[in-house]
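The values are calculated or read from the model by the stated rules, or taken from the named source; none is laboratory data. It should be emphasised that the depicted structure is a prediction, and the values quoted were computed from it without experimental measurement. Methodologically, a virtual Cβ is constructed for each residue, glycine included, from the backbone with ideal geometry; neighbour enumeration extends over all protein chains shown.
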Amino acid sequence: MPTYTLKDIKTNHTFDVYCTWDELQENLDQQPDLIQMLNTPKIVSGRGTNFKVDGGFKEVMSKMKDKYSVNNIPDY
């Protein structure tokens, strides 16, 4: 579920809610003092295998590969 930022226009209090779109619309309809704030989406980037790892991580991964007979542990 996404996170939405809401603002109470009477108190200028800004807060985040974690709910579905339908629940958000229901809250906004029931509480006319709340408005939805425009903000940037929270996007996770850098996913994949092209990240740098240190020597300690490489050592742990090689020990795991030696201990367990699993072929899908990558070499870093």
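If the condition is being modelled with pLDDT of 80 or more, surrounded by 10 or more Cβ atoms within 10 Å (Cβ to Cβ) and not aliphatic (A, V, I, L, M), then region 51-76 contributes F57, K58, E59, S62, K63, K65. Of the set (1) at positive phi; (2) modelled with pLDDT of 90 or more, all apply to G46 but (2).
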